[in-house]
Structure formats: structure tokens, C-alpha cells
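I have placed the structure first, in the form of C-alpha cells, so that the comments after it can refer back to it.
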Amino acid sequence: MSEDYNIATESNLIKAVEDSKHFCVLPWIHMHAWPDDRIMPCCIADSAEPVAEYKAGDAIIDVMNSDEYKEMRKKMLADEPDARCQRCYDLEKVGTWSLRISQNTQQFTTKKPENTRENITMLLDTQEDGGIEEFKMKYMDIRFSNLCNFKCRSCGPGCSNLWGDEKLKLVDETTWINRKGRETLLSVNADGSFMEALKPHLNDVQEVYFAGGEILVHPEHYECLDYWIENDMAKDIRLNYTTNMSKIKYQDKIKGERDLFELWKHFPDIEMWASIDAVGEAGDVIRKGFKWERIKKNMFAIRERAPQIRLGLTPTISLWNIWHYSEMFDWMFENGFTSITNPPRLNMLTAPDWANISILPEKFRLDLMREFRLYYEKFPKPEDSNMNDTFKMIMMTLRNGEENKDKLEEFFKENDVMDKMRGEELAEISPRLLEVRQWIEQN
Ligand code: SF4
Ligand code: SF4
């Protein structure tokens, strides 16, 4: 590749995008804001290296023209790698789905010639220093705040203010807990100026990913839906949610009770991922605030009252729920919330590393693998099923794991603190974890 190579000067730009190894359209059509004001190019880019920071009163176009954003665009056009994007490159190396390829394909497709033409012009108009004059936010994923009604064991203060409140009780005044000091409720829209700046950009949105904190208790979520409904845009916008499933009604300070089903009626294309790690009592302990009976009721209500919603499951697999996964899978399968063609979208927990299933002693990992193999046998596997992938991820993590006694000790130490703060007993719902603890004591 020559030094002055630039994708936007290629005569067949679509092919150049297709063939690229590092180009990604997201720095032109997307921004990913966090409650603590960090701006990342997307939700999977390295969050330790933000591309900008939002300051109250900033115009969004100025945020999009930070030095880091400009540099990143220049690299993308030259098809050079950016360290923030390593996760995409790694996924592509093993031949799996990456957000980069998915978004490039979506934005440069012959199926939507008008949109593709607009994107080509957008690339051609990129300034020499990587700046852009206009920002059309076609894909939106803004984490407005960490407001959440749960404090799941696998989460933390960055995503849940309740978690922050709990943490604050444990650390002294001099201990740093987040980028905004000892504030536990974080919001990029704390004074309302972010939402004001964002409003004009809502006109260009084609697809949204809503996640939290818990997005269904965020006032900004309702402001966005109202805007799209009032401006007759709802029918053309694809909504994608990850939610803890605890709320289907919202009390707005000005507008009173908001009925989500009334709002969702305007959106024909909705995908919803229920973040559930275990059913019953185990779910209640792993995800503080959960209340399984209420979650069940809400799931059935969504299926009945908003049949256009494609409902799926997105559990986080960790030491907390690995022994409860089959029980949850059975319930979801029997009740039609998961199927061989709509298997759960798994998150294999990587942080905190002391709760990753790969650190279990070999004996426990082998037992789990045997149990999962037998469990998986009972399901039919037609060719169009991708259920195999779901179990493959768990099996691979167990197979490639390595026992780590120090980290296991840390797991129990952290859980003892949580048990005490919450008045719970993790061991009571998970006797297998008790066996792991005994193993540590004997080894
Ligand atoms: S290449 Fe991947 S990590 Fe980088 S901005 Fe695009 S989607 Fe995000
Ligand atoms: S519901 Fe989501 S954001 Fe809230 S504590 Fe649980 S994992 Fe964190």
C-alpha cells in the first residue's frame, strides 16, 4: 500500500471498502457517549482510549472533530489499523462477526443506493486533516446515564448508580471511585445540554442501540421516542434494546405515566435482548433488584401486547450463573423465549477477571463440560440453527481455561462483602460454589 493511499480516492470505492482490512464507517456516522462524558468511536472500541470528551455546551460537530477523531479517520481512509479497534480485527482473524464489517456492509450496500451514494459523498468530503463538516448520526448508541434499579453482582458503579452507592459505603473519603469523584449518579446529560445538542442529529438516525444503566428508566429514552413519533420518523427507525426487563411503565416528571406499549406501536422494527442470568431465587441473588416473578410477567406481557418485538436473551456467563444456565435455558425454551433458531446471545464475562469461568480448577471445568455436552444432546440441531455457537463459546472457555486459586479467593472475598452489604448468602443458592470454596481451603 502506498503511503498516500486513500480509500476515498479509489474509483471503485465500494470495493475498496469491502476489501479493506481496517476501514470502518462508524467514525463518520456514529458516536458512543458514556455517562462519565467519555466519547468512544463505538461500544466495542477500547474504552481506555476515548476519542473525545463531552463538555457541557459543546456542539456535537465539535466533539466529532476532536484531534483523536480526525486522526482515526485519516488512518481508516489509509486502511491503517487503530489500536482502539483491535477487538474487531481479532474477531475477523478467527472468521467471526465484527461490528466493522457489519456496519460497512450495511452502509455501502446496493440494496440502499441512495444511502450508499450519500455515504460515498461523505467519505469524499472528508477534509485533509480527517475533519468533517457535517455529522449524520445514522447509527445511535448513547449511554445517557448509569441510572439503574439493579445492582447485579457482575456489574459495577460505572453502569449502575445503586452499585456506586454501595461502593461508596465501603471506601473512605480519599478513595477515588470514578472519573467524576464521589458522584454515584453519572450522566452525560446532567444539565440537559447534551440532549439539546443531540436533538438535531435525531433526524438522521436509521438504527438505535438502547442500553444502560437501565434504559427504560432513562427520561432521554422517552424524549427520543417522542421526537421520532412526533416527526413521523418512527416507522423507519430500527430499535434495538438491551434491558433488565423490570419496567414496562415509566413515570415521567412532566408527562406523567408513559405506557411503553403505546409508544412501541409506532415502531414496526424492534429487537429486544433481555439481560437475565438465572431464573428464580438464583436470579434474585445474582441480579439484586431482579424479582423473577415480575420479570416473567413482563416477558409474557411484551409477547402478548407488542408481538412485533423480537425478544431474545442475553445472559452474562460467569462463576455466578454457570451452574444455573441449563435451568434457565430449559425455562426459556419451554416458554418459547429462546429456540434453536433464536438462541441466547451470550456475553462471556471477562471483567472482573476473578469471576470468569476459565479460572475454575480442572476438575470443575471437566465436570461442567460433561454436563453441558449431555445437556446439549437433548436438543434437535437443524442446519439453520446457530444454537451450537452458544454452547461452543462456553465449552471453549472451559476447555482453554486455567486454574487460578488467587483469583478464586478474590471472587469469594468480593462476594462475602456483597453478601454482608445485601443481607444475602450466595452459597445458599449455589452449593457448587460452596464445593469450589472447599476445594480452595483444601488445596
Ligand atoms: S473498527 Fe470496530 S472497534 Fe473500530 S470503530 Fe469500527 S466497529 Fe468500532
Ligand atoms: S441491570 Fe445492567 S446496568 Fe443495571 S446493574 Fe445489572 S448489569 Fe448493571
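Remind me, relative contact order of region 10-138 in percent, using alpha carbon pairs under 8 angstrom and six or more residues apart?
32
By counting other Cβ atoms within 10 Å of each Cβ, how are LEU13, LEU349 ranked from fewest to most?
Going from sparsest to densest Cβ surroundings: LEU13, LEU349.
Which aspartates and glutamates, if any, have their Cα less than 18 Å from the Cα of LYS169, not counting same-chain residues under 8 positions apart?
GLU183, GLU414, ASP416, ASP419, GLU424
Report, ordered by chain and residue number, the lysines lying within cross-link reach of LYS167, taken as a straight Cα distance under 19 Å and ignoring same-chain residues fewer than 8 apart.
Cross-link targets: LYS151, LYS180, LYS288, LYS413, LYS420.
Roughly what would the spin-label model give for SER339 and GLU441, points 7 Å off Cα along C-beta, in nm?
4.8
Rg and Dmax in Å for the chain, alpha carbons only: what are they?
22.9, 68
Where a Cα-Cα gap under 28 Å defines reach, which lysines qualify for LYS21, not counting those fewer than 8 residues away within the same chain?
LYS21 reaches LYS70, LYS74, LYS75, LYS93, LYS111, LYS112, LYS136, LYS138, LYS392.
In whole Hz and in residue order, list the ³J(HN,Hα) couplings for region 334-350 that follow from phi through the Karplus curve 6.51 cos²θ - 1.76 cosθ + 1.60, θ = phi - 60°; x for Gly and Pro.
My calculation for region 334-350 gives 4, 9, x, 8, 9, 7, 5, 9, 9, x, x, 9, 7, 10, 7, 4, 10 Hz in order.
Quick one: which residues, 5 or more positions from TRP273 or on another chain, have an amide H under 5 Å from its amide H? H modelled 1.01 Å from N in the peptide plane, none for Pro or chain starts.
Correct list: TYR241, THR242, THR243, GLY312.
If a/c stays under 1.5 just call it rounded; otherwise compare a/b with b/c (prolate if a/b is bigger, oblate if not). Do that for region 36-189, with a ≥ b ≥ c from the square roots of the Cα gyration tensor eigenvalues.
Since a/c reaches 1.5 and a/b is larger than b/c, the shape of region 36-189 is classed as prolate.
For region 344-431, what percent of Cα pairs sit more than 17 Å apart?
That tail contains 59 percent of the Cα-Cα pairs.
Taking the highest mean first, how do the peptides 214-224, 387-397, 367-377 order by number of other beta carbon atoms within 10 angstrom per residue?
Ranked from most to least packed, the peptides come out as 214-224, 387-397, 367-377.
Have a look at TRP273, TRP331, TRP176 and tell me which one the Gaussian network model of the chain (Cα, springs below 10 Å) gives the largest fluctuation.
Answer for the Gaussian network model of the chain: TRP176.
With the chain treated as a Gaussian network of Cα nodes joined by springs under 10 Å, which of LEU124, LEU77, LEU185 yields the largest mean-square fluctuation?
LEU124
Read the figures in this text as sums done on the coordinates, not as results from a lab. What you see is a predicted model; the values in this text were computed from it and never measured. All Cβ positions, glycine included, derive from the backbone under ideal geometry; neighbour counts span all protein chains shown.
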